[in-house]
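Structure, as structure tokens:
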Amino acid sequence: MASSVFYKFKSRKDESRVNFDGTGISVFDLKKEIILANNLGKANDFDLCIYDNSSNEVELKDDSHIIPRSSSVVVKRVFAKPGKGKAAMYIAGSSSAGASGATLEPSKSTAGANGSYSWHRGNMSKRFDGKEDVPTGPKAT
Amino acid sequence: MADVPTLSIMLLGAGQEVGRSCCVLQYRGRTIVCDAGVHPAYSGIASLPFIDELDWSTVDVILITHFHLDHAAALTYITEKTNFRDGKGKVYMTHPTKALHKFMMQDFVRMGSSSTDALFSPMELSMSLASIIPVSAHQVISPCPGVTFTPYHAGHVLGACMFLIDIAGLKILYTGDYSREEDRHLVKAEVPPIRPDVLIVESTFGVQTLEGREEKELRFTNLVHNIIRRGGHVLLPTFALGRAQELLLILDEYWKKHPDLHNVPIYYASSLARKCMAVYQTYIHTMNSNVRSRFAKRDNPFVFKHISNVPHSRGWERKIAEGPPCVVLASPGFMTNGPSRELLELWAPDSRNGVILTGYSIEGTLARDIQTEPDEVQSLKGHMIPRKLSVDEISFGAHVDYSQNSEFIEAVNAQHIVLVHGEQNAMGRLRAAMQDRYKSRDEDVKIHTPRNLEALELTFRGERVAKAIGN
Ligand SMILES: [Zn+2]
Ligand SMILES: [Zn+2]
């Protein structure tokens, strides 16, 4: 059965969800799904930060951290120097590329499958470890 | 430290960039947001200012300077999708801006609904529009205790204004986009009669010098004429409203004087603009004396003699593209999609044709990329098209150049200057040039160029803050 995690952009009234199979989703995969579902992949001047839903909103910085299904998180789009935004990194790797922890259950996504990201061609199978700088994405023309 | 009130200025957009203007002012418990635009190089949520940084229910006032999308198009999202309405916030813009914003946004929502990137629905748009309070230039408005503001004419486009804002005695002038040269239909920006403490000013052209209006118009009409003479088509990518009206006034007059051009059609490809002509005719009284006196003589300059609308049928772009030489004003100005993009793709391979870029071209758009005159351009479908058509840039963008901006900045005479709405380099050069001017006169003026989300905190001494905020 499909599982969900609910997310809400900090400034937004309503919640959205990401669906996946398994008991949890990594922070990496959740970011990837949110980027795809909202077609954010083209912009290279922001980072997505995910916070737990507690009153003091602790940022979930570890991309391999697993968020259990049915939880709710808060998402913020924060400014990054143009070209330094990491969105492309999240949608470039395969879903396991960012999760260094081998315990991650494969989480196949259903959200954002129709996102238009045809612009990224070429060297997109490269592995990213979440720390290195991403090369500037191709310019939209 | 004693209780020294601090003015915090945070840019959610347009910090060292052009696009998605959104400036948050916080002082003595009041929060005022100037402009709420989108970034034209992006679509959907990626185009919004960094709105997650603000609790929108705490906002007292949103002020919109003019109808351009990079200043106004995020407003609907903010009023309808955030918790803005949980608070007591009010939204203001001038009467003509409100009238034109409505048409611009109806078009924006139509364009967006065909993609997966729609930011809001037509229903949400009408809700947002209904909540806008229209104001007039020079009116003094008190939106909430402790705050007043007054709009002043900014030139630029019909309805554009600057806001002089007073929060508990502290005065801030936010210019938005402005021009200091009277053009064919608008008055130039005014210098407000009161000296503000802080000036937040656009810096689009940095230290560039732009040519004067007459030279510029002459170069433009000659270029158009030359392209026609060589048997080509002229593409003028422009937004439907704003500078397009100025270009139409220039072309209509030029055609009148050149009978050899009378069989060459000028097409204005915009049903949006057709609707908005009524707004232009309604607000003749806010335009300059040239327009007003013609109108008084029953010569309405906005009733054009040589401009035709394009046929309403599907595929008109191809029909016109394959027809005889002509001039087409088509939107959008950045050629990211739509009619202007389609015509460009059709005309690019023929060297007789020409495209003239008449506005400021934002980074990341085709209008900007084509200025390097690449051998090929990528079509929207993804294949490469040879580019042989000529590319020229003649800016009718109606922003101040260096001499106009520096003169205005000095006339306003604020102690703190915050540069916004400029690319990093342009802004850096402007700051250096202004600093030199002040240094040579031994004046202590601070010039700031904050990045997005980099909060600027300013404190003011003494009598300025004596007036307490009412409640
Ligand atoms: Zn503008
Ligand atoms: Zn602007």
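The values are calculated or read from the model by the stated rules, or taken from the named source; none is laboratory data. Nothing here was measured: the structure is a model prediction, and the numbers come from that model. Neighbour counts are summed over all protein chains in view; Cβ atoms, including those assigned to glycine, are modelled from backbone coordinates with ideal geometry. What goes into the accessible areas is simple: the full protein's heavy atoms, side chains included, and nothing from ligands, DNA or RNA. Shrake-Rupley method; radii C 1.70, N 1.55, O 1.52, S 1.80 Å.
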For the structure I just gave you, tell me whether B:Val187 is within 16 Å of ligand 2 (Cβ to nearest atom), within 19 Å of the chain's Cα centre (by Cα) and among the hydrophobic types (A, V, I, L, M, F, W, C).
no
Under the condition of being charged (D, E, K, R) and touching a helix residue (DSSP H, G or I) at 6+ places or on another chain (Cβ under 6 Å), which residue from region A:9-54 is nearest to A:Val78 (Cα to Cα)?
A:Lys10
As an exercise: evaluate B:Ala168 against (1) farther than 20 Å from B:Val38 by Cβ; (2) out of contact with any helix residue (DSSP H, G or I) (no Cβ under 8 Å at 6 or more places or on another chain) and give the number of the one condition it does not meet.
(2)
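Is it fair to say A:Asn44 is within 12 Å of another protein chain (Cβ to nearest Cβ), touching a Gly at 6+ places or on another chain (Cβ under 8 Å) and at positive phi? It would help to see each step written out before you state the result.
Working: within 12 Å of another protein chain (Cβ to nearest Cβ): yes; touching a Gly at 6+ places or on another chain (Cβ under 8 Å): yes; at positive phi: no.
Spelling it out, it is not the case that A:Asn44 is within 12 Å of another protein chain (Cβ to nearest Cβ), touching a Gly at 6+ places or on another chain (Cβ under 8 Å) and at positive phi.
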In region B:167-185, which residue that is within 16 Å of ligand 1 (Cβ to nearest atom) and out of contact with any His (no Cβ under 7 Å at 6 or more places or on another chain) is most open to solvent (accessible area, probe 1.4 Å)?
B:Glu181
Region B:52-108, residues that are more than 16 Å from ligand 2 (Cβ to nearest atom), open to solvent by less than 10 Å² (accessible area, probe 1.4 Å), in contact with a Lys or Arg (Cβ under 8 Å, 6 or more places away or on another chain) and of a type outside the set (S, T, N, Q):
B:Asp52, B:Val61, B:Ile62
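Answer yes or no as to whether A:Ile34 is modelled with pLDDT of 95 or more, within 14 Å of chain B (Cβ to nearest Cβ) and not in a strand (DSSP E or B).
Working: modelled with pLDDT of 95 or more: yes; within 14 Å of chain B (Cβ to nearest Cβ): yes; not in a strand (DSSP E or B): yes.
Criteria met by A:Ile34.
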With the first residue restricted to region A:68-88 and required to be over 22 Å from A:Val5 (Cβ atoms), and the second required to be part of a helix (DSSP H, G or I) and open to solvent by 20 Å² or more (accessible area, probe 1.4 Å), Cβ contacts under 9 Å at 6 or more apart or on different chains are A:Phe79/B:Glu53; A:Pro82/B:Gln424
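Can you list the strands (runs of 3 or more DSSP E) found entirely within region B:1-120 that contain at least 1 residues being within 14 Å of chain A (Cβ to nearest Cβ) and at pLDDT 95 or above? Walk me through it before giving the result.
Values: elements: B:6-13, B:22-27, B:30-34, B:61-63, B:90-94.
The qualifying strands (runs of 3 or more DSSP E) are B:6-13, B:22-27, B:30-34, B:61-63.
Restricting to region B:344-363, count the residues that are within 14 Å of chain A (Cβ to nearest Cβ) and touching a Pro at 6+ places or on another chain (Cβ under 8 Å). Break it down into steps so the answer makes sense when it comes.
As a first pass, look at region B:344-363 and keep what is within 14 Å of chain A (Cβ to nearest Cβ): B:344-345, B:348, B:361-363.
Next, only the ones that are touching a Pro at 6+ places or on another chain (Cβ under 8 Å) stay: B:344, B:348, B:362.
The number of residues fulfilling the criteria is 3.
Among helices (runs of 4 or more DSSP H) lying entirely in region B:257-364, which contain 2 or more residues that are of a type in the set (Lys, Arg) and over 30 Å from B:Arg20 (Cα atoms)? Break it down stepwise before answering.
Values: elements: B:271-282, B:289-296, B:316-322, B:338-347.
Qualifying helices (runs of 4 or more DSSP H): B:289-296, B:316-322.
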By residue number, the members of region B:413-446 that are surrounded by fewer than 19 Cβ atoms within 10 Å (Cβ to Cβ) and among the aliphatic types (A, V, I, L, M) are B:Ala432, B:Ala433, B:Val445
Name every residue in region B:370-398 that is touching a Phe, Trp or Tyr at 6+ places or on another chain (Cβ under 8 Å) and open to solvent by 20 Å² or more (accessible area, probe 1.4 Å), in order of residue number.
B:Ser395
In region A:49-59, what count of residues is obtained for those that are modelled with pLDDT under 95 and out of contact with any Phe, Trp or Tyr (no Cβ under 6 Å at 6 or more places or on another chain)?
6
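Quick one: how many residues across region B:12-46 are within 16 Å of ligand 1 (Cβ to nearest atom) and among the hydroxyl-bearing types (Ser, Thr, Tyr)? Talk me through it step by step, then tell me what you get.
First, pick out the residues of region B:12-46 that are within 16 Å of ligand 1 (Cβ to nearest atom): B:13-14, B:17-23, B:34-41.
Now restrict to residues that are among the hydroxyl-bearing types (Ser, Thr, Tyr): B:21.
Matching residues across region B:12-46 total 1.
Between B:Val412, B:Val400, B:Val377, B:Val418, which is within 16 Å of ligand 2 (Cβ to nearest atom), touching a strand residue (DSSP E or B) at 6+ places or on another chain (Cβ under 7 Å) and touching a residue at least 12 places away in the same chain (Cβ under 8 Å)?
Numbers: B:Val412 fails: within 16 Å of ligand 2 (Cβ to nearest atom); B:Val400 fails: touching a strand residue (DSSP E or B) at 6+ places or on another chain (Cβ under 7 Å); B:Val377 fails: within 16 Å of ligand 2 (Cβ to nearest atom).
Selected residue: B:Val418, the only one of B:Val412, B:Val400, B:Val377, B:Val418 that is within 16 Å of ligand 2 (Cβ to nearest atom), touching a strand residue (DSSP E or B) at 6+ places or on another chain (Cβ under 7 Å) and touching a residue at least 12 places away in the same chain (Cβ under 8 Å).
Select, from B:Leu210, B:Leu164, B:Leu218, the only residue that is among the aliphatic types (A, V, I, L, M), open to solvent by 10 Å² or more (accessible area, probe 1.4 Å) and closer than 19 Å to B:Thr94 by Cα. Spell out the reasoning first.
Working: B:Leu210 fails: closer than 19 Å to B:Thr94 by Cα; B:Leu218 fails: closer than 19 Å to B:Thr94 by Cα.
Unique residue meeting the criteria: B:Leu164.
Here is a list: B:Thr148, B:Thr204. Which entry is open to solvent by less than 30 Å² (accessible area, probe 1.4 Å), within 26 Å of B:Leu7 (Cα to Cα) and polar (S, T, N, Q)?
On the way: B:Thr148 fails: open to solvent by less than 30 Å² (accessible area, probe 1.4 Å).
After ruling out the rest, the residue left standing is B:Thr204.
Checking the condition buried (at least 21 other Cβ atoms within 10 Å of the Cβ) and either within 14 Å of chain B (Cβ to nearest Cβ) or at pLDDT below 90 (or both), which residue from A:Ala102, A:Ala97, A:Ala87, A:Ala2 passes? Reasoning before the result, please.
Details: A:Ala102 fails: buried (at least 21 other Cβ atoms within 10 Å of the Cβ); A:Ala97 fails: buried (at least 21 other Cβ atoms within 10 Å of the Cβ); A:Ala2 fails: buried (at least 21 other Cβ atoms within 10 Å of the Cβ).
Going through A:Ala102, A:Ala97, A:Ala87, A:Ala2 in turn, just one is buried (at least 21 other Cβ atoms within 10 Å of the Cβ) and either within 14 Å of chain B (Cβ to nearest Cβ) or at pLDDT below 90 (or both): A:Ala87.
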